[in-house]
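Worksheet for the structure shown next.
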Amino acid sequence: MITMKAVRIHDFGGPEVLSLDAVPLPQPHDDEVTLKVYAASVNPVDYKVREGSSGADLPVTLGRDVSGVVELCGTRAHTLKKGDPLYAMLGNDRGGNAEYVVVKATEAAAKPQRLSHAEAAAVPLAGLTAWQGLFDHGGLKSGQRVLIHGGAGGVGHLAVQFAKAAGAFVATTVSAQDFDFVRALGADQAVDYKNQRFEEVVEDVDLVFDLVAGETQDRSWDVLKPGGTLVSTLSEPSAEKARLHRARGVSYLTKPNAAQLAEISRLIDAGKVRPFVQAIYPLEEVARAEEQLEKQHTRGKIVLQVAA
Ligand SMILES: NC(=O)c1ccc[n+]([C@@H]2O[C@H](COP(=O)([O-])OP(=O)(O)OC[C@H]3O[C@@H](n4cnc5c(N)ncnc54)[C@H](OP(=O)(O)O)[C@@H]3O)[C@@H](O)[C@H]2O)c1
């Protein structure tokens, strides 16, 4: 049996439960391909699953983002061939913190040509979260005003760029140290969330994109226009407060989407969007990568290099 290395957990817990295991090389079926993974990235969902929030069946391989090249093709994967560079957000039935992973046709798009594998791996989950939150659930249009909470993080820094590319006015809450960073991404207004109440300086927005929840979400109703929308990646907005403010509240789970990922590739290759990678760790140091994401201030994304 041919084996490969994969980062799995056999128990829920802290970074110490991450285990580099030898597992069978996965085989593709139908229109699937097996990708040789060059890079993966870490997302908050990885440490949340590791800590047991989803109650996943164990053992489980972590990691939802990959960038790599096609190694094996399923019998109906006619449009792809060995060596094609792809990037993908995986469904939650597989993990990308591994040397190889099976990718479905509905999850993958051509890797943006301008990006290295490490940069490309930073994009899929965070990018699709930003895209689906702003456009599918938030209905953001050119000329509208959006407030993005957490604009310097993995999802936020891509959301700022997508909203700007779509022609919106972009306000965002960040730490003061990230002011220059989000301004360079195109934000029109940056608010230091630790020292200023955003509702005192931001008003009349069509959309609040909430990546923070809690009291940040509660205070956000005040900045919305009547008829505006509050979209959260974290908690269901109160229906009562939505009614009171004549607004709409939505929460959602991001889904893999090959067509949207292809659209994101086009924006990247047109030079309108670029992911920011703060740190790259080898796969073996996944525990450090997850700890950094969970405990320390992260700007943009943290990536795992799997192959050179
Ligand atoms: N529903 C879904 O399917 C889905 C998908 C993706 C992500 N999510 C969730 O969405 C959240 C964001 O994800 P991410 O990948 O962007 O996380 P991340 O990379 O860890 O970024 C979080 C950002 O939030 C900022 N922040 C923290 N408290 C804040 C506050 N009170 N006001 C404004 N900004 C604040 C942090 O800035 P500082 O470090 O300066 O505090 C950091 O830049 C996570 O909780 C994640 O689990 C959900």
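Within segment 282-308, if we keep just the residues that are in a loop (DSSP other than H, G, I, E, B) and of a type in the set (Gly, Ala, Ser), the residue that is most open to solvent (accessible area, probe 1.4 Å) turns out to be Ala308.
If the condition is being more than 20 Å from Asp178 (Cα to Cα) and among the β-branched types (Val, Ile, Thr), then segment 118-165 contributes only Thr129.
Looking at segment 217-246, which of the residues that are of a type in the set (Gly, Ala, Ser) and open to solvent by less than 20 Å² (accessible area, probe 1.4 Å) is nearest to Asn92 (Cα to Cα)?
First, pick out the residues of segment 217-246 that are of a type in the set (Gly, Ala, Ser): 220, 227-228, 232, 235, 238-239, 242.
Then keep just the ones that are open to solvent by less than 20 Å² (accessible area, probe 1.4 Å); that gives 220, 228, 232, 242.
Working: Ser220: 31, Gly228: 32, Ser232: 20, Ala242: 31 Å.
Checking each candidate, the answer is Ser232.
Residue pairs whose Cβ atoms lie under 9 Å apart, separated by 6 or more positions or on different chains, with the first residue in segment 164-177 and more than 19 Å from Tyr193 (Cβ to Cβ) and the second open to solvent by 40 Å² or more (accessible area, probe 1.4 Å) and within 16 Å of the ligand (Cβ to nearest atom), are Ala166/Phe135.
Scanning segment 182-227 for residues that are of a type in the set (Gly, Ala, Ser) and out of contact with any Lys or Arg (no Cβ under 8 Å at 6 or more places or on another chain) turns up Ala184, Ala213, Gly214, Ser220.
Residues that are within 22 Å of the chain's Cα centre (by Cα), open to solvent by 60 Å² or more (accessible area, probe 1.4 Å) and not acidic (Asp, Glu) are absent from segment 195-210 altogether.
For every residue, the table says whether it meets (1) polar (S, T, N, Q); (2) part of a loop (DSSP other than H, G, I, E, B); (3) open to solvent by 70 Å² or more (accessible area, probe 1.4 Å).
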{"site": "Lys5", "(1), (2), (3)": "no, no, yes"}
{"site": "Ser19", "(1), (2), (3)": "yes, no, no"}
{"site": "Asp30", "(1), (2), (3)": "no, yes, yes"}
{"site": "Ala39", "(1), (2), (3)": "no, no, no"}
{"site": "Val49", "(1), (2), (3)": "no, no, no"}
{"site": "Lys82", "(1), (2), (3)": "no, yes, yes"}
{"site": "Tyr87", "(1), (2), (3)": "no, no, no"}
{"site": "Gly96", "(1), (2), (3)": "no, yes, no"}
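Scanning segment 211-249 for residues that are touching a His at 6+ places or on another chain (Cβ under 7 Å) and more than 11 Å from the ligand (Cβ to nearest atom) returns Trp221, Leu224.
Residue count for segment 142-179 under the criterion of being open to solvent by 10 Å² or more (accessible area, probe 1.4 Å), more than 11 Å from the ligand (Cβ to nearest atom) and within 15 Å of Leu230 (Cα to Cα): the result is 2.
Take Gly249 and decide whether it is outside any loop (DSSP other than H, G, I, E, B) and open to solvent by 60 Å² or more (accessible area, probe 1.4 Å). Considered against the rule, which asks whether it is outside any loop (DSSP other than H, G, I, E, B) and open to solvent by 60 Å² or more (accessible area, probe 1.4 Å), Gly249 comes out as no.
The values are calculated or read from the model by the stated rules, or taken from the named source; none is laboratory data. In this text, all values refer to a predicted model and were calculated from it rather than measured experimentally. For neighbour counting, all protein chains shown are included, and Cβ atoms are generated from backbone atoms with ideal geometry for every residue, glycine included. Keep in mind that these areas ignore ligands, DNA and RNA; they rest on the heavy atoms of the full protein, side chains included. Shrake-Rupley method; radii C 1.70, N 1.55, O 1.52, S 1.80 Å.
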